[in-house]
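Asker: Let me give you the structure first, and then I'll get to my questions.
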Amino acid sequence: NKALATILGDEYEYVFLFDSSSGHAKKRVDGLDAKEMNKNWHSTLYVPWTPSQARNTKIGQEGFVGPYYDASNPAMVTIGQEQTMNFTSEDVGPFWLTAEERERQRHDREVEIPEDKRKERHKVKKELISELMDTEWGKKEGEIRLWKMTHAELAKMAQASSIDIKITPTTKMIYGWEGKGKGLLQIAYERGWIDIATFRKGSYQVMKYDDEGNLVPELSLRHLLANCTDFLSEQSQLEYVCESLGVRALITTKYHAEYAGEGVEYSWGFSKALYRRHPLAQKKTTADFLALVDKCISREVLTVDLIRKFSARARGYMETYKMLEIEAKNTKETEGNSSEDAPIPHKRIETLKKVLKCHRAAIDFDKSFIMKTVYAKDFDFKNDLLKKEKKLNFSLRVKRENTKVEATAKKK
């Protein structure tokens, strides 16, 4: 952003368009996610390259606190200040415990397992990695590399290094609340979502359902927190990084490859089509395969001019959908007209949405454009979209008749 600002000045807002994907929607590393929280305090699995705790969050005026919030209660949050998502040494502790229980359960403690309850089990990843890091192979690979391996892979390497993959523990760790994540119940209490007057053990659950299977929202902790303003507005990792750089990220709609990103699906489709044109002999070895892929996605193939054409094509679809939205809105606001009387009927719009939703790659539904690299200015709504709807063919499997039975019946 600083480079762009230096060249173009501060009069522009820098916006980057990204397609919707699991990678782009990946949650922020230390983000707020009610689905990842336990009901009570909990220990977080140690992973070396990620923070082990959720970030603090600033409490605002609307959508943060519940009906039982008491500003005079020092155990509850203060509007305008941050709420910590983890217990610190200065905290009183879980509200549902007595003073004696809080002190007794403050720190982690190792307790002995009775002999009649000791059972052999497989070592977990943390235990395997700890022992593998003492071997030459483990030191060479590094801890981060080991954490990215599966449990089965680690167990295999442990056996190869003469490390026993099973253990019969004689002690177990009971985790105290200090330094751990507060959990849904404590966070909800601090925000005033817990009715202390009627609170009892088990009254609030992660997700509470009645006898008929219906959700009880006021007693469902995950539901209460997930609908708080800060949890709802939590950014993805991509959006957070873009904002920290002074730019804005826009994620395009799911299931619509025709306008994903800046025409990125057209670029992928073009590269795939080019790859498929090469003979199999150029794809047999790993080295040949990688070399061909690099060639198909290189700048020599995906030139700036070609990418601009694809981007313009995608923007043409965006303009089309915006037109549909505006016309549908105007039709509804017109007295005496239903959505079926619109110049572009509502039924056709819905059909178009279903047709486009089933396509996941631009090369599947717009192959001719990719291969011919047609300019987006030649895009015509009726020719490019409505005619395609008419050309769609749906085949049904029909059960074959039993001809032998029919022949026998005729003879009789």
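Asker: I'd like to verify a number: residues in region 276-294 that are under 24 Å from F310 (Cβ atoms) and modelled with pLDDT under 90, how many?
Answerer: So the count comes out to 3.
Each row is one residue, and each column tells you yes or no for (1) part of a strand (DSSP E or B); (2) touching a Gly at 6+ places or on another chain (Cβ under 7 Å).
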| site | (1), (2) |
| --- | --- |
| L97 | no, no |
| E103 | no, no |
| H107 | no, yes |
| V111 | yes, no |
| I144 | no, no |
| E153 | no, no |
| S162 | no, no |
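Asker: Can you run down the residue pairs with Cβ atoms below 6 Å, 6 or more apart or on separate chains, where the first is in region 23-42 and within 24 Å of T252 (Cα to Cα) and the partner is among the hydroxyl-bearing types (S, T, Y) and open to solvent by 70 Å² or more (accessible area, probe 1.4 Å)?
Answerer: The qualifying pairs are R28/Y240.
Asker: To continue, here is another question. Does at least one position in region 242-265 carry a residue that is surrounded by 16 or more Cβ atoms within 10 Å (Cβ to Cβ) and farther than 27 Å from F310 by Cβ?
Answerer: Just the residues of region 242-265 that are surrounded by 16 or more Cβ atoms within 10 Å (Cβ to Cβ), to begin with: 242, 249, 251-252, 256-265.
Then drop every residue that is not farther than 27 Å from F310 by Cβ, which leaves none.
No, region 242-265 contains no residue that is surrounded by 16 or more Cβ atoms within 10 Å (Cβ to Cβ) and farther than 27 Å from F310 by Cβ.
Asker: Out of S203, S271, which single residue is in a helix (DSSP H, G or I) and either within 30 Å of I79 (Cβ to Cβ) or of a type outside the set (A, V, I, L, M, F, W, C) (or both)? Show your work before the answer.
Answerer: On the way: S203 fails: in a helix (DSSP H, G or I).
Residue meeting the stated conditions: S271.
Asker: Which residue pairs have Cβ atoms closer than 6 Å, lie 6 or more positions apart in sequence or on different chains, and pair a first residue in region 247-268 that is on the phi > 0 side of the Ramachandran plot with a second residue that is in a helix (DSSP H, G or I)?
Answerer: That search, which allows pairs on different chains as well, returns Y255/K357; G263/F310; G263/S311; G263/R313; G263/A314.
Asker: Sort out which residues of region 56-89 are under 22 Å from D33 (Cα atoms) and free of Cβ contacts under 8 Å to residues at least 24 places away in the same chain, and write them in order of number.
Answerer: Q61, T78, I79, G80, Q81
Asker: Any residue in region 161-179 that is open to solvent by less than 20 Å² (accessible area, probe 1.4 Å), more than 30 Å from D116 (Cα to Cα), of a type outside the set (D, E, K, R) and touching a Phe, Trp or Tyr at 6+ places or on another chain (Cβ under 7 Å)?
Answerer: no
Asker: So L274 passes all but one of these: (1) without any contact (Cβ under 8 Å) to a residue 40 or more places away in the chain; (2) more than 30 Å from G23 (Cα to Cα). Which condition number does it fail?
Answerer: L274 satisfies all of (1) without any contact (Cβ under 8 Å) to a residue 40 or more places away in the chain; (2) more than 30 Å from G23 (Cα to Cα) except (2).
Asker: Among the candidates K156, K139, K180, which residue alone is under 26 Å from the mean Cα position of the chain (by Cα) and charged (D, E, K, R)?
Answerer: Criteria check complete, one pass: K180.
Asker: Continuing with the same structure: Please determine, by comparing only the residues of region 231-275 that are β-branched (V, I, T) and over 25 Å from L302 (Cα atoms), which one is modelled with the highest pLDDT.
Answerer: So in region 231-275, the residues β-branched (V, I, T) come out as 241, 247, 251-253, 264.
Checking which are over 25 Å from L302 (Cα atoms) leaves us with 241, 247.
Details: V241: 89, V247: 85.
Step by step, filter region 231-275, then rank; the result is V241.
Asker: Consider region 51-92. How many of its residues are farther than 26 Å from A197 by Cα, surrounded by 12 or more Cβ atoms within 10 Å (Cβ to Cβ) and of a type in the set (V, I, T)?
Answerer: So the answer is 1.
Asker: Sticking with this one: Can you confirm whether region 189-196 contains a residue that is open to solvent by 60 Å² or more (accessible area, probe 1.4 Å), within 23 Å of V77 (Cβ to Cβ) and at pLDDT below 95?
Answerer: Yes - at least one qualifying residue is present in region 189-196.
Asker: Output the number of the condition that W193 fails; it satisfies all remaining conditions of (1) part of a helix (DSSP H, G or I); (2) in contact with a Leu (Cβ under 8 Å, 6 or more places away or on another chain); (3) not small (G, A, S).
Answerer: The one condition W193 does not meet is (1).
Asker: Answer yes or no as to whether S220 is of a type in the set (S, T, N, Q), over 24 Å from the mean Cα position of the chain (by Cα), farther than 29 Å from K309 by Cα and open to solvent by less than 20 Å² (accessible area, probe 1.4 Å).
Answerer: So S220 fails the test.
Asker: Could you pull out the residue among A312, A260 that is more than 30 Å from G31 (Cβ to Cβ) and hydrophobic (A, V, I, L, M, F, W, C)? Explain how you work it out, then say what you get.
Answerer: Details: A260 fails: more than 30 Å from G31 (Cβ to Cβ).
None of the other options fit; the residue is A312.
Asker: Looking only at residues that are part of a helix (DSSP H, G or I) and open to solvent by 80 Å² or more (accessible area, probe 1.4 Å) in region 116-131, which one is nearest to M149 (Cα to Cα)?
Answerer: Within region 116-131, the subset part of a helix (DSSP H, G or I) is 116-117, 125-131.
Those left that are additionally open to solvent by 80 Å² or more (accessible area, probe 1.4 Å): 116-117, 126.
Working: D116: 34, K117: 31, K126: 12 Å.
Applying the filter and picking the extreme gives K126.
The values are calculated or read from the model by the stated rules, or taken from the named source; none is laboratory data. Nothing here was measured: the structure is a model prediction, and the numbers come from that model. Cβ sites come from the backbone with ideal geometry, for glycine too, and all protein chains shown count toward neighbours. The accessibility values were calculated without ligands, DNA or RNA, using every heavy atom of the protein model including side chains. Shrake-Rupley method; radii C 1.70, N 1.55, O 1.52, S 1.80 Å.
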